[in-house]
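What follows is one structure encoded as structure tokens, with my remarks underneath.
Where a number appears in this text, it was derived from the coordinates with a stated rule and is not lab data. Everything quoted here is computed from the prediction, not taken from an experiment. Because the Cβ atoms are built from the backbone with ideal geometry, glycine has one as well, and the counts that use them run over all protein chains shown.
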Amino acid sequence: MKDLLEFLVKALVDDPSEVNITEITGDKVTLYELRVSKSDIGKVIGKRGRTANAIRTIINAVSTKQGKRAEVEIIE
Amino acid sequence: MKSVDITGSSVSQIIARYARENNCSIDDLRYEVIDKGTSGFLGFGRRPATVRIIIEGIEKRIRTYIEQLMQKLQVNCSAVKCTIDRKTVYVEIEHPDDPGFLIGKNGSMLETLQFMVNRVFEHTREIERIYLDTENYRKRREKTYLTPFIPLIKQVKTSGKALTLDPLPAPERRIIHHYIESDSSLRTLTVGEGENKRIVIFSAKQNEKDVIKKIAPDTSQPKDRLNRKRRPGPPRKPANKTSAAKKKDV
């Protein structure tokens, strides 16, 4: 899952080396904290959060398929 | 096939830098080493290295991206087919093992993936838009979408009168434009701005300017009617209330 998120985000941003994802496993939900360089935040969020929503939709769909729950948080 | 020559202090350094700058992994790059270069001895006879990097066509780049994406989504497919029509790219994911997942509810997953792919290749000048399709899902859906419009379109053909449709969102307008394009006796144009863009279907014999002139007076009126139709709930209620309140006052 982390691999997929990294792949999606790295393709979007200008500076892939600054992409940093931390995985926090809870009892029910796995939380992914996404950090990107300051100049790339806009690209990850997108117009009215469309890109961020798209990333969440994909991650949610894949985790549901695996019988898990995942949440993505973009951290400034 | 295009290529660029880059000079730098060492082969590995050039490749790593190029990969970083162009958002791709080192394994995906194709290159030829032209000059390995030497660091020389005590600064004497130093020669920079030169690497020719082969820039792959946009089609190949989109295909590798989608193949990787499918692999990461854990969807196996037999092939990813790319066809380019002017600046539009149509990508067909053939025989996925889990089409239901790939399409999603009402095509939401396919739509989301398409959005992501479009964002990734947004700044590529060679292409404007990428459409994803699998198992002919989009084609089937377009067909069902078009069925109520077909009698209307036939009417234009027989009567020769221009027809103005209700305002539609861009992807739906595209389906209609695309469908009419295949019919040489008909043509389309768009009138209106923003949310109120409407398609006008007219006979190919008619002049575009005449059609616009003819429909110009009617478009301003139905616009209001349609706005009211679109939002029947909230605007009406307060109107009723105020009219009722007014009656009470009288």
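Which of the three applies to chain A, rounded, prolate or oblate, going by the alpha-carbon gyration tensor with a ≥ b ≥ c and a/c under 1.5 meaning rounded? Spell out each step's value before the answer.
Details: a/c = 1.96, a/b = 1.60, b/c = 1.22.
Here chain A falls in the prolate category.
Sum up the lysine pairs in region B:59-191 that clear both bars: alpha-carbon distance under 19 Å and a spacing of 8 or more or different chains. All intermediate terms of the calculation are to be shown ahead of the outcome.
On the way: B:K60/B:K72; B:K60/B:K81; B:K60/B:K87; B:K72/B:K81; B:K81/B:K139; B:K105/B:K139; B:K105/B:K143; B:K143/B:K154.
The result is 8.
Once the Cα atoms of helix A:2-12 and of chain A are each reduced to a long axis, what angle between those two axes, in degrees from 0 to 90 to the nearest 10, is obtained?
Roughly 20 degrees, rounded to the nearest 10.
Give me the number: length gained by fully extending B:L152 to B:K105, i.e. 0.36 nm times residue separation minus the C-alpha to C-alpha distance, one decimal in nm.
Details: separation 47, 0.36 × 47 = 16.92 nm, distance 2.96 nm.
14.0 nm is the gain from fully extending B:L152 to B:K105.
Need one value for A:55-61: mean number of C-beta atoms belonging to other chains within 10 Å of its residues' C-beta atoms.
Values: counts 3, 1, 8, 9, 0, 0, 9.
Neighbouring Cβ atoms belonging to other protein chains average 4 per residue here.
When the label point is put 7 Å from the Cα of B:Q74 along its Cα-to-beta-carbon vector, which residues of region A:1-36 have a backbone N closer than 15 Å?
A:1-5, A:30
Pop out the ³J(HN,Hα) list for region B:129-138 in order, Karplus 6.51 cos²θ - 1.76 cosθ + 1.60 with θ = phi - 60°, rounded to Hz; leave Gly and Pro as x.
8, 10, 10, 9, 8, 9, 6, 6, 4, 5
Among all the aspartates and glutamates, which ones have a C-alpha under 20 Å from B:K36's C-alpha, if same-chain residues fewer than 8 places away are not counted?
List returned: B:D5, B:D27.
Kindly state, to the nearest 0.05, the FRET efficiency for A:R50 paired with B:I212, given R0 = 30 Å and r defined as their beta-carbon distance. Intermediate results must be reported in sequence, preceding the final value.
Numbers: r = 34 Å, r/R0 = 1.12.
That gives a FRET efficiency of 0.35.
Could you work out the mean count of beta carbons from other protein chains within 10 Å of each residue's beta carbon in B:195-201? Show your work: numbers first, answer last.
Numbers: counts 0, 0, 0, 0, 0, 0, 0.
If you average over the peptide's residues, the count of other-chain Cβ atoms is 0.
Can you give me the distance in nm between label points at B:L165 and B:D183, each placed 7 Å from the Cα along the Cα-to-Cβ direction?
Between B:L165 and B:D183, the simple spin-label model gives 1.1 nm.
Rounded, prolate or oblate: which fits region B:147-225 when a ≥ b ≥ c are the square roots of the eigenvalues of the alpha-carbon gyration tensor, with rounded for a/c under 1.5 and prolate only if a/b beats b/c? Display every interim value, and only then the final one.
Working: a/c = 1.64, a/b = 1.18, b/c = 1.39.
It comes out oblate by the Cα gyration axes.
Need the list of aspartates and glutamates near A:K65 for cross-linking: C-alpha distance under 13 angstrom, and skip anything on the same chain fewer than eight residues off.
Candidates past the 8-residue exclusion: B:D98.
Taking square-rooted eigenvalues a ≥ b ≥ c of the alpha carbon gyration tensor, is region B:84-161 rounded, prolate or oblate, where a/c under 1.5 means rounded and, failing that, a/b exceeding b/c means prolate?
Details: a/c = 2.81, a/b = 1.49, b/c = 1.88.
The shape class here is oblate.
Within 10 Å of each Cβ in B:109-120, how many Cβ atoms from other chains are there, averaged over the peptide? Don't skip to the end; give the middle numbers.
Numbers: counts 4, 0, 2, 8, 5, 1, 7, 8, 1, 1, 10, 4.
Other-chain Cβ atoms within 10 Å of each residue's Cβ, averaged: 4.
With just the Cα atoms defining each centre, how far is region B:166-184 from region B:146-163? Give it in Å.
Each part's Cα centre sits 13 Å from the other's.
Pull out the extension gain between B:E193 and B:I55, defined as 0.36 nm times the separation in residues minus the alpha carbon to alpha carbon distance; nm, one decimal. Intermediate values should be presented prior to the final figure.
On the way: separation 138, 0.36 × 138 = 49.68 nm, distance 4.03 nm.
This chain segment gains 45.7 nm when fully extended.
Efficiency by 1/(1 + (r/R0)^6): what FRET value for B:A16 and B:H123, r their Cβ-Cβ distance, R0 = 30 Å, to the nearest 0.05? Working shown, then result.
Details: r = 22 Å, r/R0 = 0.74.
Here the calculated transfer efficiency is 0.85.
Kindly provide the trypsin sites (Lys or Arg not before Pro) of region B:34-66 that DSSP labels as loop, not H, G, I, E or B, and whose Cβ sees at most 14 other Cβ atoms within 10 Å.
Listed in order of number, the matching sites are B:K36, B:R46.
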